[in-house]
Amino acid sequence: MTFSKLAEYFSKLESTASRNNMVEILAQLFAEAGTDEIDKIAYLLQGRVAPLFEPIEFGMADRMVIRALAKAYGVSGEKVTQMFKKSGDLGETAQELRKGCTLKQGATLQVGEVFEKLTVIADSSGEGSVEKKIGLLADLLAGSDGLSARYIARIPVDKLRLGFSDMTMLEGLSWMIDGTKKHKDNIEAAYDVRPDLGVIAQEVKQRGANIKIEPKVGTPILVMRAERLASTAEILEKMGGKCAVEPKLDGLRTQLHFIKNLDFVRLFSRGLEDVTAMYPDLVAAAKKEIAANEVILDGEAIGFDPKTGKYLPFQETVQRKRKYDVAAFAGNVPLRLVVFDCLYLNGESLINKPYGFRRKIVEEMLKRFQHDTIIIPAEMEVVQLAERLEALFQQALNKNLEGIMVKKLDGVYQAGARGWNWIKLKGSYTKKLNDTIDAVVMGYDFGQGKRNKFGVGSFLIGVYDKKTDSYKTISKVGTGLTDKEWRDLKIKSQKLKVKSKPNNYDVNKLMVCDEWLEPQIVGEFRADELTKSPMHTAGYALRFPRLERWREKNPEDTTSLKEILEMVKLQKS
Ligand code: AMP
């Protein structure tokens, strides 16, 4: 298919708001696409050159695309910038620049060629890559007609946004088969075990309604989630009188993919993000500890205290989810991977096997575990009596765990679904902090994504310690504010910026901020609890801090370090 043709489809999709229309347009597009290009088209529809879980980025900023446009069309960078300022859209700018062009090559530029060049752009990194990316994009733009240029310019800056989700694309595939949505559930079930739209599209193209998709090591499986009930009695009844009980640990859901012969390890988060680079300790442990050739495991990564072996609260574990200072944090917060499921073993999918069967495999594979092993099976007990279930629940709470997970012994793994084969029971929230804390904003990070528009992504807060006349940090806050509160913070902070960290700020080097502020802004924060923290100089951190309101208060009148320590004691009792 020519890219011009694909651009016409993009244009139709862009100009309709009706989901049904989109499904029909997508179905037409898929029907017209060849088997060897439908996968590429599926990725391009998402504005990508790979499935979403592949950490592939174009690494191009607006100004780089502006330079590519200038180069491609022989105009000055200033002119392109001016046009871009007016429209706010690089796609429109490209199309405008291309107006009146009667280009012949545009009609022959193939989808495959565009895909390939965009892939090279995404793959180039390191020295000289900026110029290389600009050059490649300029080549593509120079060889395309106006409508094609509109979309080619948007893709590298992640602005394609045609306005539909993966689910609409799955419906489009169903519609392609026979003009109905009746195959959607079947196609979606395939997507749940292999959420790679390119692969799914190709499979449907080849086999119609008779698709056969198996999990693949390296492609994350959509995680199963649990239903909830309020009491052990209800749970036992729902489970049919017999069930497996595991502690519910409060860490980070982690899927581990491993091929022994290839030394291949990849880790994915609950949201399918590739988090392999964040956990080098788990990668090393997988190679050493897993006694199987090819597996996909599901589990919870959780921090622990090497001295006592006790698990750490979520607030501390979550510090490991980071792109920078990975090694330092790996040392500070060592992780265990507590495995509670095996979804694939040596070429065979296990998701439709009963829980009991899968559990045995987990035990077998990790049976060599010792006290210093990193990857361990979750504790498990099969229970028939309500009293025993209740006792295990209380035991979990006494150990400061979140609660228990109860699993149906013959239940399959319901990928991508919240299902009754797993039921969670959490402790009542008695530990919740009943009081709010007044803290000072000490600095902030610029942040990325949605909040970037406020100029503040997250901010560091602290409390005053009279004894040392210094501010000790107690949390980094990145959520729990309304848009207005973020904007207020940005406005207030502009006058308070200082060049370097004030001397009376006691801050762990891993908590440094992009911008430091004089201690002026005071907020009242509510949190779930105070948890011990090696990262914060107050010694404790707020768990899930939320801003109640900004306060007009003297910074030295905020909650003192001494009060914090008293609150911790109260919380314990
Ligand atoms: P929730 O996030 O409250 O819906 O609870 C489900 C989460 O509990 C899962 O996504 C896991 O991250 C976590 N979890 C902790 N322990 C277990 C366990 N033994 N089995 C399954 N999930 C667990």
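The values are calculated or read from the model by the stated rules, or taken from the named source; none is laboratory data. Remember, predicted model here, so these are calculated numbers, not experimental data. Cβ: placed from backbone, ideal geometry, glycine included. Neighbour counts: every protein chain shown. Please note that ligands, DNA and RNA were not included when accessible areas were found on the heavy atoms of the full protein model with its side chains. Shrake-Rupley method; radii C 1.70, N 1.55, O 1.52, S 1.80 Å.
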Provide the solvent-accessible area of residue 113, counting protein heavy atoms only and rolling a 1.4 Å probe, rounded to the nearest 10 Å². 90 Å²
When the expected Rg is taken as 2.2 N^0.38 Å, what fraction or multiple of it is the alpha-carbon Rg of the chain? 1.10
Please list 3J(HN,Hα) in residue order for region 26-32, calculated via the Karplus relation 6.51 cos²θ - 1.76 cosθ + 1.60 where θ = phi - 60°; whole Hz, with x for glycine and proline. 4, 4, 4, 4, 4, 5, 6
With residue 115 itself left out, Lys, Arg at +1 and Asp, Glu at -1 over residues whose Cβ is under 12 Å from its Cβ give -2
Mind ranking 152-159, 303-310 by how tightly packed they are, going by the mean number of other C-beta atoms within 10 angstrom, highest first? 152-159, 303-310
I need two numbers for region 337-430: Rg to one decimal and Dmax as a whole number, Cα atoms only, in Å. 14.5, 46
Residues of region 199-230 with backbone nitrogen within less than 18 Å of a virtual label 7 Å along the Cα-to-Cβ line of residue 262, please, listed as ranges. 199-200, 214-221
Here the net charge surrounding residue 223, from other residues whose Cβ is less than 13 Å away from its Cβ (Lys, Arg +1; Asp, Glu -1), is -1
Per DSSP H run of n ≥ 4, the term is -39500 (n - 2.57); total these for the chain, divide by its residue number, and report the mean residue ellipticity at 222 nm rounded to 500 deg cm²/dmol. -11000 deg cm²/dmol
The chain: relative contact order from alpha carbon pairs under 8 Å, six or more residues apart, as a whole percent, is 11 percent
Suppose each label sits 7 Å from its Cα in the direction of the beta carbon; what would the residue 291-residue 5 distance come out to in nanometres? 5.6 nm
For the pair residue 498 and residue 270, the simple spin-label estimate (label points 7 Å beyond Cα toward Cβ) gives in nm 3.9 nm
Residue 330 label point, 7 Å along Cα→Cβ, cut-off 20 Å on backbone N: hits in region 301-322? 301-307, 312, 316-322
Considering only DSSP beta bridges where both residues belong to region 437-572, give the percentage that are antiparallel (nearest 5). 90 percent
If I stretch the segment between residue 548 and residue 82 completely, what's the gain in nm (0.36 nm per residue apart, minus their alpha carbon distance), one decimal? 163.5 nm
